[in-house]
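As structure tokens, the structure follows; a few thoughts come after it.
The values are calculated or read from the model by the stated rules, or taken from the named source; none is laboratory data. Nothing here was measured: the structure is a model prediction, and the numbers come from that model. As a convention, Cβ positions derive from the backbone with ideal geometry for all residues, glycine included, and neighbour counts pool all protein chains shown.
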């Protein structure tokens, strides 16, 4: 499902227009991004938790040249799904 399909799906479910739904979705995503940028975690009920974690620096080895490289530490976004979401995904058959 791409962005346009997602907006149309939400629009049909809520009864709002496509532009209003797109604006609402953009606002919600922007709020989540701003909170994550501030280092806060975001909990979406019945969905899961988005949180920022720090990955430590590590040493990688290039397999062809055997050269060792130091990868600096960085911040990454981690998602932990809610247990109800996790069980729905596991129980569905493809």
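Among the residues of region 76-94, which ones are outside any helix (DSSP H, G or I), without any contact (Cβ under 8 Å) to a residue 24 or more places away in the chain and surrounded by 10 or more Cβ atoms within 10 Å (Cβ to Cβ)?
none
Looking at (1) in contact with a strand residue (DSSP E or B) (Cβ under 7 Å, 6 or more places away or on another chain); (2) touching a residue at least 12 places away in the same chain (Cβ under 8 Å), which one does residue 42 not meet, given that it meets all the others?
(2)
Determine, yes or no, whether residue 89 is in the same structural domain as residue 9 (by TED's automatic domain parsing) and touching a strand residue (DSSP E or B) at 6+ places or on another chain (Cβ under 9 Å).
Answer is no for this residue.
Yes or no: region 45-66 includes at least one residue that is under 15 Å from the mean Cα position of the chain (by Cα), loosely packed, with under 12 Cβ neighbours inside 10 Å and outside any strand (DSSP E or B).
yes
For region 2-44, what are the residues that are part of a loop (DSSP other than H, G, I, E, B) and at negative phi?
2, 16, 17, 38, 40, 41 - these are the residues of region 2-44 that are part of a loop (DSSP other than H, G, I, E, B) and at negative phi.
For region 3-26, give me each residue that is under 15 Å from the mean Cα position of the chain (by Cα) and either farther than 16 Å from residue 47 by Cβ or in contact (Cβ under 8 Å) with a residue 60 or more places away in the chain (or both).
So the first thing to find is which residues in region 3-26 are under 15 Å from the mean Cα position of the chain (by Cα), and the list is 3, 25-26.
Within region 3-26, 3, 26 qualify.
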